[in-house]
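Novice: Starting off with a structure, shown below.
The values are calculated or read from the model by the stated rules, or taken from the named source; none is laboratory data. This is a predicted model, so every value here is computed, not measured. For neighbour counting, all protein chains shown are included, and Cβ atoms are generated from backbone atoms with ideal geometry for every residue, glycine included. Each accessible area value is taken on the protein alone, full model and side chains, heavy atoms only, with ligands, DNA and RNA left out. Shrake-Rupley method; radii C 1.70, N 1.55, O 1.52, S 1.80 Å.
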Amino acid sequence: MEKFTLELLFKIIGIGSASGLVYKDNSLFVISDNSSFLYEYYIPENELSKIKLFENAQENIPKKDKFDFESIALKGNKLHLLGSGSTANREKRLIYNLDSKKIKEKDLSKLYQNLKKYASISDEELNIEGAIFSNKNWFLFQRGNGANSRNGIIKTKSLKKECQTELVEVRLPKIKHVETSFTDAVLVEDKIYFLATAEDTTSTYDDGEILGSIIGRLNSQTFEIEFTQKISDTHKFEGLTLYKKTENEIQFLICEDNDTDILETNIYKLTVKMKV
């Protein structure tokens, strides 16, 4: 069991239902699953900027209409935002160039159909909650909170063309009677650190009672679990990004999806002590 500390680092007013994070150069980029903005919070100045992903960007989009951006990943100088794929209007990818500030929109419907085909995931079960790009591969984290609990990692060479994919199923610990399921992941050197939450529901669409969240680590080659640790009994932690790393500890920033219309987000610092 790893030693950890969890502390509230700061509160951001103006963002609700935070679902993913990327920390880079003193800026924290945040996505929300019911918003069509990308948020940049410049930590030294406590300054929040809103980046329109679409011309008519809005917040607190009704559930049936939202794009459900659950994954954000850094590839080179570009941020990739992925919809969860859990409904037809949640199959978009937005690419934000950090240098030019330009945004490109891509359709993920064919890719997601391909993923469901090769990984044998039904339309009702697909629920992408995290993404990592590493060694010319994309790793997409399928949250298995549907009726069949297909929790795992989808490995694919491309997000824009049909190619062979595979789903490596991962059995995660239970909290009470519910198996935890992936909510985000980040690569730190050659290890994958992930968040997972137990939510008492068998639907990728409807929310359920939150039973707690865990942090864990996977071998990036075999996807074997190296450790897991419960970090909360009540929080639905969804976003995970590397903050600082030393020889003895790793600090992550994590966010919580509060599933409300309140435009405020708590950012926590999770420190994991390394065994030496």
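Novice: Can you give me the long-range amide H partners of residue 10? Hydrogens built in the peptide plane at 1.01 Å from N, cutoff under 5 Å, separation of 5 or more residues or another chain.
Specialist: 267
Novice: Kindly write out, for the stretch 220-237 in residue order, the coupling ³J(HN,Hα) from the Karplus curve 6.51 cos²θ - 1.76 cosθ + 1.60 (θ = phi - 60°), rounded to whole Hz, with x marking Gly and Pro.
Specialist: Working through the residues one at a time gives 6, 9, 9, 6, 6, 6, 9, 6, 9, 8, 5, 10, 7, 8, 10, 8, 9, 7 Hz.
Novice: Arrange the peptides 182-190, 30-38 so that the one whose residues have, on average, the most other Cβ atoms within 10 Å appears first.
Specialist: 30-38, 182-190
Novice: Please list, ordered by chain and number, the residues whose modelled amide H lies under 5 Å from the amide H of residue 19; skip anything fewer than 5 residues away on the same chain.
Specialist: Residues meeting the amide H criterion: 31, 32, 33.
Novice: At 222 nm, what value in deg cm²/dmol follows for the chain if DSSP H runs of at least 4 each add -39500 (n - 2.57) and the sum is divided by all its residues, to the nearest 500?
Specialist: It lands at -1000 deg cm²/dmol.
Novice: Could you calculate, for the stretch 170-272, the ratio of the Cα radius of gyration to the Kirkwood radius, expressed as Rg to Rh?
Specialist: Looking at the stretch 170-272, the ratio lands at 0.97.
Novice: Send over a whole-number figure in Å² for the accessible area per residue of the chain, probe 1.4 Å.
Specialist: So the chain comes to 45 Å² accessible per residue, rounded to a whole number.
Novice: Filter the GluC sites (Glu not before Pro) in the stretch 47-129 down to the DSSP loop ones having no more than 12 other Cβ atoms within 10 Å, then list what survives.
Specialist: Of the GluC sites (Glu not before Pro), the ones in loops of the stretch 47-129 whose Cβ has at most 12 other Cβ atoms within 10 Å are 55.
Novice: Between the stretch 26-81 and the stretch 1-20, how many Å separate their Cα centres?
Specialist: Taking the Cα centre of each part, the stretch 26-81 and the stretch 1-20 sit 16 Å apart.
Novice: Then there is this: For 163, 255, give me the order by solvent-accessible area with a 1.4 Å probe, most accessible first, ignoring ligands, DNA and RNA.
Specialist: In descending accessible area the options line up as 163, 255.
Novice: Apply the Karplus parameterisation 6.51 cos²θ - 1.76 cosθ + 1.60, with θ equal to phi minus 60°, to every residue of the stretch 124-135 and state each ³J(HN,Hα) to the nearest whole Hz, in sequence, with x for glycine and proline.
Specialist: 6, 9, 5, 7, 7, 10, x, 8, 9, 10, 7, 6
Novice: Given a 1.4 angstrom probe, I'd like the percentage of the accessible area of the chain that is carbon and sulfur, rounded to a whole number.
Specialist: 45 percent
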